[in-house]
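The values are calculated or read from the model by the stated rules, or taken from the named source; none is laboratory data. A quick note: this is a predicted structure, and the numbers were derived from the prediction, not measured. Methodologically, a virtual Cβ is constructed for each residue, glycine included, from the backbone with ideal geometry; neighbour enumeration extends over all protein chains shown.
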């Protein structure tokens, strides 16, 4: 009988060190990096996507500065921390309240700051202002003889929310930010022994990154590339038994399970030297804690900044501009990366002038994959989960295609594609084509690559494992679709008329056999199909896909 695995020991949603210790939860010890970070004096900014452990980091720092090193006995930090002083830690979270007006924001932030000061025994006597910025400044002026630590989580969340509501609210928010962070910067390095602000975006017009005593941006520092996220080594060290359980539940070997975790959730790089990559911790914990669900897009379901991306693209002037803007992102389905300089990726921008790739990078939908020159990087999707998610956002939320209403579930689509029946496979592919409007089909069906991109994007949006132009020793297959133990290979050809179908079919058959498409796939069974796209520009009624099985 195998060892019992207690899934409740996986710390999904847990952020407090005390809870980790009290309940014996799995804890990845990165406290040596926490100590290294905490020794810095200059105010610090760190950008990471949501659900990457920023809150856990800030709560760990709060314990360190308020209680010293004793809570860390047995952890890496204990022998690396020599500061015996303790501090009053002001810990705010700008994403912790709901509001829809500027007054609502000010009221909720005032309440949060007031409660935090009361909890930390910071005097509020005699301070009458209920404006959060003034209240914050005046209370700390009264305590000028004390030293504090200031931690702020998700600084940019109110700006993102305000931008989605109205330009007036956003303008009011910017004015508040300028005043508030001027106060923070004046205190940093003086009353504030340590200052750390986290967020997703690096927005200008907030005074954080300009003027005197500006924040030190460590978002791409090689020293802290592994601080947030799970490394491959940590995955094996801390989660091996849970991964064995995930594999057993899904009838996979441990090697296959590790590979699928890597494909789905690894690939993020926050290191300017591109020397490390990390897994999304939320997705790893979600997958291991819910093994029967398998390799689903847990990050997207947990509050990734989907609305930010949607509103950013919807500000396009017209449909043509929108399609031009999304094309480079969809092109990543078939191309290997976009080249961007470090300054382009990390420059502090306003919502009005941030470019699409930089926004997607900062939000976690793209990551650096390779250093290709002096401060230049190749940018791409980090993994299958994100590729699936961004394709789904573009198709459903930006292009408004009704995928769920017109295309079956992931499991049903996979079942049909793996059926071995060319008529069933044909039905799936033609249903995908019917998603697109008449004018779009006219364009998409005119080029082989566009047809493949269209089908690829829809299948990937269903979180189905798909390879585009997979290379073997003999050539590249157009499309390969995988289940756990089967693979389907598609070769596409364009026929200009009905009479041209047989010729193109034979061309595809010869190409598939000559180049041994699908024969290197590590699966038990492979089916191969020729997909002939019949395209007559002057007669849209004859546009369709004919599917033939290669025997």
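What's the total number of residues in the stretch 512-551 that are assigned to a helix (DSSP H, G or I) and either within 20 Å of residue 453 (Cα to Cα) or at pLDDT below 90 (or both)? Summing the residues that are assigned to a helix (DSSP H, G or I) and either within 20 Å of residue 453 (Cα to Cα) or at pLDDT below 90 (or both) in the stretch 512-551 gives 4. Given the options 194, 215, 239, name the one that is farther than 23 Å from residue 150 by Cα and buried (at least 19 other Cβ atoms within 10 Å of the Cβ). Exactly one residue qualifies, and that residue is 239.
Just one of the listed residues (143, 129) is without any contact (Cβ under 8 Å) to a residue 24 or more places away in the chain, more than 33 Å from the chain's Cα centre (by Cα), more than 27 Å from residue 47 (Cβ to Cβ) and surrounded by fewer than 20 Cβ atoms within 10 Å (Cβ to Cβ), namely 129. For a quick check of your reading of the model, give me the residue pairs whose first member lies in the stretch 23-52 and is assigned by TED's automatic domain parsing to the domain that holds residue 189 and on the phi > 0 side of the Ramachandran plot, whose second is surrounded by 15 or more Cβ atoms within 10 Å (Cβ to Cβ) and assigned to a loop (DSSP other than H, G, I, E, B), with beta-carbon atoms closer than 8 Å and at least 6 apart or on different chains. If the second residue must be surrounded by 15 or more Cβ atoms within 10 Å (Cβ to Cβ) and assigned to a loop (DSSP other than H, G, I, E, B), the pairs left are 51/280; 51/299; 51/304. If you go through the stretch 264-307 and keep only what is within 16 Å of residue 233 (Cα to Cα), touching a residue at least 60 places away in the same chain (Cβ under 8 Å) and in a helix (DSSP H, G or I), you end up with 265, 281, 285. Kindly indicate whether residue 453 is assigned by TED's automatic domain parsing to the domain that holds residue 309, more than 25 Å from residue 53 (Cα to Cα) and modelled with pLDDT under 90. When the stated conditions are applied, residue 453 does not pass them. Within the stretch 459-479, can one find any residue that is at negative phi, modelled with pLDDT of 90 or more, over 24 Å from the mean Cα position of the chain (by Cα) and surrounded by fewer than 20 Cβ atoms within 10 Å (Cβ to Cβ)? No.
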